[in-house]
Amino acid sequence: MGKKRLLFIGDSITEWGIQDDPERIGVNYVRLIHDYLRITYSDRNFEIINKGIGGNRIVDLAARWEEDVLQLSPDLISISIGINDVWRQLDQPNIEQVFPKHFAAIYEQLIERVKDGCGSKIVLMEPTIIEEDEQSSGNQKLKEYVEIVRRLGDKYDASIVPTHQVFLDYIQKRNGYHLTIDGVHMNARGNLLMAKTWLESAKSTCSALFIAR
């Protein structure tokens, strides 16, 4: 079996810790997924590539899609984007914004390019949360973006990781254990919840990838 290549792309939540990691995976949910797969599929030849860049919106992914995704021909691509598309509406309202209709159009174009190009298996992650309060303005705005991810996942038969819904379910328990360090970026628990949700949701996709010889 040839080496399988799994590529994760997104914003700072995906990038977190890359700069200080010799393996360029980081200290984040990608690291936890990597370590789980290394243990579970220790006899398989694969690599994980982390292409997260802090501050990225869907327009930034589009600008680097050819170089950072298509040219690498991954067997699986996991996409986590949307937080900054909403956050910029809150903290930088004077810049050009990416509203839901534009977000959906660009996202679909990126998926189409994968389908037409490298033909990777696709995993779509819902954007997580903006503040650990389901009623925050950020989370209210996120609803449309989350729904777009779900619709695209259904349309293109991609694995959908319900990260937003799982985070909201956790927050509603009000157990006093936070998931983020600042309302957006993950602490250890937040990264673990993201990784756990990813592994549960993409289990069949990964199994098919690693079992194929």
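Throughout, read-outs are computed from the coordinates displayed, never taken from laboratory work. Note that the structure is a prediction, hence the values are computed from the model and not measured. Neighbour counts run over all protein chains shown; Cβ positions are idealised from the backbone, glycine included.
Once backbone amide H atoms are built at 1.01 Å from N, VAL161 has LEU124, MET125, GLU126 as its partners under 5 Å, excluding neighbours fewer than 5 places away on the same chain.
Normalised by the number of residues in region 109-213, the average gap of Cα pairs under 8 Å and 6 or more apart makes the relative contact order 29 percent. Region 1-66 and region 68-91 have Cα centres separated by 12 Å. Each pair of Cα atoms in region 52-199 enters the Kirkwood radius, and Stokes-Einstein at 10 °C and 1.306 mPa s then converts it into a translational diffusion coefficient of 100 µm²/s. On a 0 to 90° scale, report how tilted helix 188-201 is relative to the longest principal axis of the chain, with both axes built from alpha carbons and the result rounded to the nearest 10. So the inclination is approximately 60 degrees. Diffusion coefficient of region 1-119 by Stokes-Einstein, Kirkwood radius over Cα pairs, 10 °C, 1.306 mPa s: 104 µm²/s. Helix 163-172 axis versus longest C-alpha principal axis of the chain: approximately 50°, rounded to the nearest ten.
For GLN135, neighbours were defined as the other residues whose beta-carbon sits under 14 Å from its Cβ, and their charges (Lys and Arg +1, Asp and Glu -1) total -1.
Arranged from highest to lowest average of other beta-carbon atoms within 10 Å per residue, in what order do the peptides 108-116, 189-197 appear?
Details: 108-116: 15.1, 189-197: 19.7.
Top of the packing list down: 189-197, 108-116.
Pairs exceeding 21 Å between alpha-carbon atoms, taken from LYS121/LYS196; LYS3/LYS51; LYS101/LYS155; LYS3/LYS203; LYS121/LYS203; LYS101/LYS203: LYS101/LYS203.
Taking every C-alpha pair closer than 8 Å and separated by at least 6 residues, the mean separation divided by the residue count of the chain gives a relative contact order of 22 percent. How far is helix 100-116 tilted off the main Cα axis of the chain, in degrees rounded to 10, range 0 to 90? Compared with the principal axis, the helix lies near 0 degrees.
By per-residue mean of other Cβ atoms within 10 Å, what is the highest-first order of 163-176, 138-151, 13-26? Each step should come with its number before you reach the end.
Details: 163-176: 15.0, 138-151: 18.3, 13-26: 16.7.
The peptides rank, most packed first, as 138-151, 13-26, 163-176.
Per-residue Cβ neighbour counts within 10 Å put PHE8, PHE210, PHE99 in the sequence PHE99, PHE210, PHE8, beginning with the fewest.
Sequence neighbours fewer than 8 away in the same chain don't count; with that in mind, list the aspartates and glutamates whose C-alpha is under 17 Å from LYS173. Of all the aspartates and glutamates, those that pass the test against LYS173 - Cα under 17 Å, at least 8 places apart if same chain - are GLU131, GLU132, ASP133, GLU134.
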